[in-house]
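Presented below is the structure to which this report refers.
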Amino acid sequence: MAGTALRRRLTWQVAKVSAVTVETASVRTLTLDVPDWPGHQAGQHLDIRLTAEDGYVAERSYSIASAPGEPVAITVERLDDGEVSPYLTDELRAGDDLELRGPIGGYFVWEPEDGGPLLLLAGGSGIVPLRSILRHRERTGSTVPVRLLYSSRTLDDVIYQAELDQPARGVEVIHTLTRQQPPGWAGYARRADAALLAEVAWPADAMPLAYACGPTSFVEAVSQALVQSGHPPERVKTERFGATGGT
Amino acid sequence: MTAMSPIARGFHRRRQEPAENAGRVPPGQYVTKDFPVLSAGPTPHTALDRWSFSIGRSGRQKTWNWAEFRALPSQDVTVDIHCVTKWTKFDTAWQGVSVDTLLDLAGHDGPFAMAHCDGGYTTNLPVADLTGGKAWVAYAYDGQPLAPEHGGPARLLVPHLYFWKSAKWVRSLELRDTNDPGFWENYGYHIYGDPWREQRYAGD
């Protein structure tokens, strides 16, 4: 895995926002025209730098939502007490400049030759890098079986809902809504834990490659449940964000 | 570099740091009161009766079991920590054994160290950054045993470098002649990682 080492210097550059897509009430996807993008792997992230008129600078990391070969896109959830995310979701418009550098990270990534079956576990906006993996799988013609367990608070909080309602062949999408369910909801309505994973996850003897991304509590719960049910820790990749991890 | 940065119109500083904190926030960082958790895999849970800590050259290391390690002289330190994912946390309170103490007992033997951890994580550091009262193997945080998700039973604490160098679940410091990249360093993170020079990624 260390063979994917990234040695190129990461320089800041100015991208242009080419489109803003409303995903949910608080989530936007920003599609970016990056003049000098070296390409990325599914699952990597990039850094954003905002400079205020008074010279104040803030930096944050965001997962890349698009597949390699697609225009670079990030999906941002507005955190009301945040500093950067409200600007990205509420102020930024198509045509605006946005300073960034990347791609960053090389562990929480998937390539078709990594195989599967793929067990994708998303909590909230933790879906973003997993969506990149899903699109990469489809674009490369990979046929590895995929199960995605996606935990959201309510149906209105589901990001990429239309896309996930039409999954590619070989992809199963399983939702759980932890806070509120619409009338007649037939899906899961509880937090992801060992019991839920026992129902929906590939068993350990299927040797799935698992990717878990979301809030710390979600990632701790699902990754511990997998390890305790016999999945080798080295087949469980995690990416956590704390309460303030993406403001 | 910032001279070329576009102005983000409508973007403003939301949180004003108190004046007494001026100079405590490295470039590109923001202050958090939480303690976010970041690690690449599941949290390992090593039983204390199977835990040990070793330091020295490969093949001739000094090793302590948990009881022996806890019997070593420890220090209480309160330090600011800086994560490469941009958060800075002030005044974190730790208890642990100074790496100076460990090296005094084992013998200084090599200019570089590779930290090895449960779960397979590694990170590289110059020994000069582990000595002189700058680094600890910490087993308590805020007066409590260090929680597994924060690196317990014990983690490296090297607060003057980005926090990925403060390896969680550390089990050994292997002394070497060469500054070989560890886990994140192999994935493009900076070989040294000084937050005050914003050395986040290779080439910074």
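Would you mind stating whether A:Val236 is at negative phi and either among the basic types (Lys, Arg) or within 14 Å of chain B (Cβ to nearest Cβ) (or both)? Break it down stepwise before answering.
Details: at negative phi: yes; either among the basic types (Lys, Arg) or within 14 Å of chain B (Cβ to nearest Cβ) (or both): yes.
Yes; evaluated as a whole, the condition is true for this residue.
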Filtering the range B:173-204 for residues that are touching a residue at least 24 places away in the same chain (Cβ under 8 Å), of a type in the set (D, E, K, R) and either touching a Cys at 6+ places or on another chain (Cβ under 8 Å) or assigned to a helix (DSSP H, G or I) (or both) leaves a count of 1
Every listed condition ((1) surrounded by fewer than 20 Cβ atoms within 10 Å (Cβ to Cβ); (2) within 23 Å of A:Arg137 (Cα to Cα)) holds for A:Lys237 save (1)
Q: Please tell me if B:Gly96 is touching a helix residue (DSSP H, G or I) at 6+ places or on another chain (Cβ under 8 Å), among the small types (Gly, Ala, Ser) and more than 24 Å from B:Ala202 (Cα to Cα).
A: no
A:Glu220 meets each of (1) more than 9 Å from chain B (Cβ to nearest Cβ); (2) in contact with an Asp or Glu (Cβ under 7 Å, 6 or more places away or on another chain) with one exception, condition (1)
Among strands (runs of 3 or more DSSP E) entirely within the range B:21-140, at least 2 residues that are small (Gly, Ala, Ser) occur in B:52-57, B:87-98, B:112-117
Considering the range B:150-174, residues that are of a type in the set (D, E, K, R) and within 14 Å of the chain's Cα centre (by Cα), and then whichever is farthest from B:Ala40 (Cα to Cα), we arrive at B:Arg171
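Can you go through B:Thr101, B:Thr123, B:Thr85 and tell me which one is surrounded by fewer than 20 Cβ atoms within 10 Å (Cβ to Cβ) and hydroxyl-bearing (Ser, Thr, Tyr)? Show your work before the answer.
Working: B:Thr123 fails: surrounded by fewer than 20 Cβ atoms within 10 Å (Cβ to Cβ); B:Thr85 fails: surrounded by fewer than 20 Cβ atoms within 10 Å (Cβ to Cβ).
After applying the criteria, what remains is B:Thr101.
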Residue pairs within 7 Å by beta carbon, gap of at least six or interchain, first lying in the range B:136-156 and closer than 10 Å to B:Ser166 by Cα and within 14 Å of chain A (Cβ to nearest Cβ), second surrounded by 24 or more Cβ atoms within 10 Å (Cβ to Cβ) and of a type in the set (Gly, Ala, Ser), listed first then second, are none
Counting only residues that are buried (at least 17 other Cβ atoms within 10 Å of the Cβ) and part of a helix (DSSP H, G or I), the range A:219-234 contains a total of 10
The strands (runs of 3 or more DSSP E) lying entirely within the range A:113-218 that contain at least 2 residues which are under 27 Å from B:Phe35 (Cβ atoms) and not aliphatic (A, V, I, L, M) are A:146-152, A:209-215
ask   = Is it fair to say A:Leu79 is among the hydrophobic types (A, V, I, L, M, F, W, C), in contact with a helix residue (DSSP H, G or I) (Cβ under 6 Å, 6 or more places away or on another chain) and within 14 Å of chain B (Cβ to nearest Cβ)?
value = yes
Of the residues in the range B:44-62, those that are among the β-branched types (Val, Ile, Thr) and without any contact (Cβ under 8 Å) to a residue 12 or more places away in the chain number 0
Within the range B:30-61, restricting to residues that are of a type in the set (D, E, K, R) and either surrounded by 14 or more Cβ atoms within 10 Å (Cβ to Cβ) or within 19 Å of the chain's Cα centre (by Cα) (or both), the one that is modelled with the lowest pLDDT is B:Asp34
Over the range A:157-187, the set of residues over 29 Å from A:Arg139 (Cα atoms) and surrounded by fewer than 16 Cβ atoms within 10 Å (Cβ to Cβ) is A:Arg179, A:Gln180, A:Pro182, A:Pro183, A:Gly184, A:Trp185, A:Ala186
The residue that is surrounded by the fewest Cβ atoms within 10 Å (Cβ to Cβ), considering only those in the range B:3-29 that are facing chain A (nearest Cβ under 7 Å) and in contact with a Phe, Trp or Tyr (Cβ under 6 Å, 6 or more places away or on another chain), is B:Arg13
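Looking at A:Pro103, A:Pro86 in this structure, which one is under 27 Å from B:Pro26 (Cβ atoms), of a type outside the set (A, V, I, L, M, F, W, C), facing chain B (nearest Cβ under 10 Å) and over 18 Å from the mean Cα position of the chain (by Cα)?
From the options A:Pro103, A:Pro86, the qualifying one is A:Pro86.
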Checked A:Asp54, A:Asp47 against criteria (exposed (fewer than 14 other Cβ atoms within 10 Å of the Cβ) and not assigned by TED's automatic domain parsing to the domain that holds A:Pro129); the one match is A:Asp54
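The values are calculated or read from the model by the stated rules, or taken from the named source; none is laboratory data. These numbers were taken from a predicted model, which means no experiment stands behind them. All Cβ positions, glycine included, derive from the backbone under ideal geometry; neighbour counts span all protein chains shown.
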